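Peer 1: Handing you a structure now.
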Amino acid sequence: MVPFDLTRPPFDRCVRYLTHAAAAEEDGAEVQTLLRRSLGISSGWIKHVKRLPDGIALDGRRVTTRDRVRAGQTLRLRLSDSVRRSGIESAPGPLHIVYEDEDLLVLNKPAGVPVHPSPHQNLNTIGNFLLYYYDFQGIPADFHPVHRLDRGTSGLMIAAKHPCAQERLRRAFHTDAFRREYLAVCDAVPAPRRGVVDLPLSRAPDSILRREVSAAGSPARTEYEVLAEGSGRCLVRLHLLTGRTHQIRVHMAALGCPLTGDFLYGRENPALI
């Protein structure tokens, strides 16, 4: 597959650059040292953009990573993708953008729509819809999700517009910089009505999809609080303290309160949800 070129019109009009004015204490530093240590740019991205005509510039002049910077000079680095390597096809579809700037978008993903294409669903996903939006707007970007939501889950998700933003957001994702909260309807009511589930999780040995509580698994902690109850079910607010696959679903099932309609850890009921 030939990568999709993002340097041609109309994408060349919306390129995102990072600029940095060299301080007195940075006088004489190599470009590569400044990019990595002062600006936190990954070696992989530096290796990619240094080959581009507009990849790295000093006072508007193309330079190599070995050139030295003088105090007061302006270093510029291309942040936008130059090619689209994901292999995801651009396809029209509903996209609810609740926030957007030059580096990221926050999307409201509906239930029933996958985030990533798969062999069984390769055009009707958030990835397809977002690339179509980028093409329409002339934004030179590939699909860079910071995290994902299960197909059946609705809620906010973040997609970066370039690899550097994706890397920084992912580094911050499992820190106090993000608070991840969910609402879920569960069968039965947990006791106590408020607490923290602290049970390690691992992949079930007989399934590529299913997870299970296992002493040998990765640490997983979920804070929960019952907000309302009725008809044998409850509405729960969940705060993820870690981010494991199917964490909420497994933890609530472990409390004897699987998510209503959960085919994998509870009881599927298409007529209900």
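Peer 1: If the cut-off is a Cα-Cα distance under 29 Å, which lysines reach LYS109, setting aside same-chain residues fewer than 8 apart in sequence?
Peer 2: LYS161
Peer 1: Right, next: Got a number for the accessible area of TYR132? Probe 1.4 Å, square angstrom, nearest 10.
Peer 2: Looks like 100 Å² after rounding.
Peer 1: Here's something else I'd like to know. Sort SER80, SER154, SER218 by accessible area with a 1.4 Å probe, largest first.
Peer 2: If we order SER80, SER154, SER218 from most to least accessible, we get SER154, SER218, SER80.
Peer 1: OK, next. Could you sort HIS20, HIS120 by their accessible area in this structure, using a 1.4 Å probe and putting the largest first?
Peer 2: Result, largest first: HIS120, HIS20.
Peer 1: Separate question: Tell me, what % of the accessible area of the range 116-216 is carbon and sulfur with a 1.4 angstrom probe?
Peer 2: C and S atoms contribute 53 percent here.
Peer 1: Just check the range 143-217 against the gyration tensor rule for me: Cα atoms, a ≥ b ≥ c as the square roots of the eigenvalues, rounded for a/c under 1.5, and otherwise prolate or oblate depending on whether a/b exceeds b/c.
Peer 2: Verdict is prolate for the range 143-217.
Peer 1: Is the shape of the range 219-273 best called rounded, prolate or oblate, per the rule: a/c under 1.5 gives rounded, else a/b larger than b/c gives prolate, else oblate, with a ≥ b ≥ c the square roots of the Cα gyration tensor eigenvalues?
Peer 2: The shape class here is oblate.
Peer 1: Additional query: Could you state the number of Å between the C-alpha centres of the range 181-255 and the range 51-110?
Peer 2: If you average the Cα positions of each part, the centres end up 38 Å apart.
Peer 1: Please say if the range 1-118 is rounded, prolate or oblate, where rounded means a/c under 1.5 for a ≥ b ≥ c the square roots of the C-alpha gyration tensor eigenvalues, and otherwise the choice is prolate for a/b larger than b/c and oblate otherwise?
Peer 2: Because a/c hits 1.5 or more and a/b exceeds b/c, the range 1-118 counts as prolate.
Peer 1: Counting only protein heavy atoms and a 1.4 Å probe, tell me what percentage of the range 28-82's accessible area is made up of carbon and sulfur.
Peer 2: 42
Peer 1: Which order do you get for GLU26, GLU223 if you rank them by accessible area with a 1.4 Å probe, largest at the top?
Peer 2: GLU223, GLU26
Peer 1: Report the Cα centroid-to-centroid distance between the range 131-163 and the range 1-49 in angstrom, as an integer.
Peer 2: 21
Peer 1: Let me ask something else about it. So, for the range 25-81, what is the accessible surface per residue at a probe of 1.4 Å, expressed in square angstrom?
Peer 2: Accessible surface, normalised per residue, equals 52 Å².
Peer 1: Also: With no other cysteine's Cβ closer than 4.7 Å, which Cys residues of the chain count as lacking a disulfide-compatible partner?
Peer 2: CYS14, CYS164, CYS234
Peer 1: Among ARG179, ARG16, ARG221, which one shows the highest mean-square fluctuation when the chain is modelled as a Gaussian network with alpha-carbon springs under 10 Å?
Peer 2: Largest GNM mean-square fluctuation: ARG179.
Peer 1: Let me ask you something else. Per residue, how much accessible area does the range 165-273 show when a 1.4 Å probe rolls over the protein heavy atoms, in square angstrom?
Peer 2: 59
The values are calculated or read from the model by the stated rules, or taken from the named source; none is laboratory data. These numbers come from a predicted model, not from an experiment. Positions of Cβ are backbone-derived with ideal geometry, glycine not excepted, and every protein chain shown enters the neighbour counts. Accessible surface is based on the protein model in full, side chains and every heavy atom, while ligands, DNA and RNA are left aside. Shrake-Rupley method; radii C 1.70, N 1.55, O 1.52, S 1.80 Å.
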